[in-house]
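Engineer: Here's a structure for you.
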Amino acid sequence: LISASVDGGYAVSTVVTPINQYGVAYNDTATVTTNDGKDSVTLDRGGHLTIVSDGTTLAQPESTAPIALAGGAVVTIDASGNATVTATGAHGTVATVLVATGSGVDVHGSVAGFAIGGDIATNLLDHSSRVVVSPSS
């Protein structure tokens, strides 16, 4: 998922594990990047969270209070350690939830108010990358 509808951009990327003996690969890590690459949130399959704001790695949060990143995106971590990254542009909002499952990282996305196209609009992905986009008008 890449969007230029948010100032500084918004991208979601994953690094996958090697394919196992059953032909299955999992997301080893998932990263949301904003603010022209200066802000990022990465979750690995073991649940370790790394938050970078304006190029500086932040200390692990001790509460579920929202964390505002330098570029304007907001990170919320729930009691289970799932991270939600939300960014708002002039016409809408994009959010991504990162969930560590032990075997991988599930990635769930939503978009509201933006015109979307390409792979996202064509496929409304819900497969190996676990990206789910629900556009609304």
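Engineer: Quickly run through the stretch 5-39 and pick out the residues that are in a loop (DSSP other than H, G, I, E, B) and in contact (Cβ under 8 Å) with a residue 12 or more places away in the chain. Show your work before the answer.
Structural biologist: Step one: filter the stretch 5-39 for residues in a loop (DSSP other than H, G, I, E, B), giving 5-9, 17-26, 38.
Answer for the stretch 5-39, where residues must be in a loop (DSSP other than H, G, I, E, B) and in contact (Cβ under 8 Å) with a residue 12 or more places away in the chain: 5, 6, 7, 8, 9, 17, 25, 26, 38.
Engineer: Do you know which of the residues in the stretch 93-113 that are surrounded by fewer than 19 Cβ atoms within 10 Å (Cβ to Cβ) and in contact with a strand residue (DSSP E or B) (Cβ under 8 Å, 6 or more places away or on another chain) is modelled with the highest pLDDT?
Structural biologist: Applying the first criterion (surrounded by fewer than 19 Cβ atoms within 10 Å (Cβ to Cβ)) to the stretch 93-113 yields 93, 101-103, 108, 110, 112-113.
Filter once more, so that each one left must be in contact with a strand residue (DSSP E or B) (Cβ under 8 Å, 6 or more places away or on another chain): 93, 108, 110, 112-113.
On the way: 93: 89, 108: 92, 110: 86, 112: 84, 113: 80.
Among those residues, the one meeting the criterion is 108.
Engineer: Inspect the stretch 19-31 for any residue being closer than 18 Å to residue 91 by Cα, out of contact with any Lys or Arg (no Cβ under 6 Å at 6 or more places or on another chain) and surrounded by 14 or more Cβ atoms within 10 Å (Cβ to Cβ) and give the result as yes or no. Don't jump to the end; show me each part of the working.
Structural biologist: Narrowing the stretch 19-31 to residues closer than 18 Å to residue 91 by Cα: none.
Within the stretch 19-31, none of the residues are closer than 18 Å to residue 91 by Cα, out of contact with any Lys or Arg (no Cβ under 6 Å at 6 or more places or on another chain) and surrounded by 14 or more Cβ atoms within 10 Å (Cβ to Cβ).
Engineer: Just to verify a result, which residue in the stretch 56-70, among those that are at pLDDT below 95 and small (Gly, Ala, Ser), is farthest from residue 34 (Cα to Cα)?
Structural biologist: Of everything passing the filter in the stretch 56-70, 63 is farthest from residue 34 (Cα to Cα).
The values are calculated or read from the model by the stated rules, or taken from the named source; none is laboratory data. Bear in mind that the values here come from a model prediction, so they are computed numbers and not experimental data. Here the Cβ is made from the backbone with ideal geometry for all residues, glycine too, and neighbour counts use every protein chain on show.
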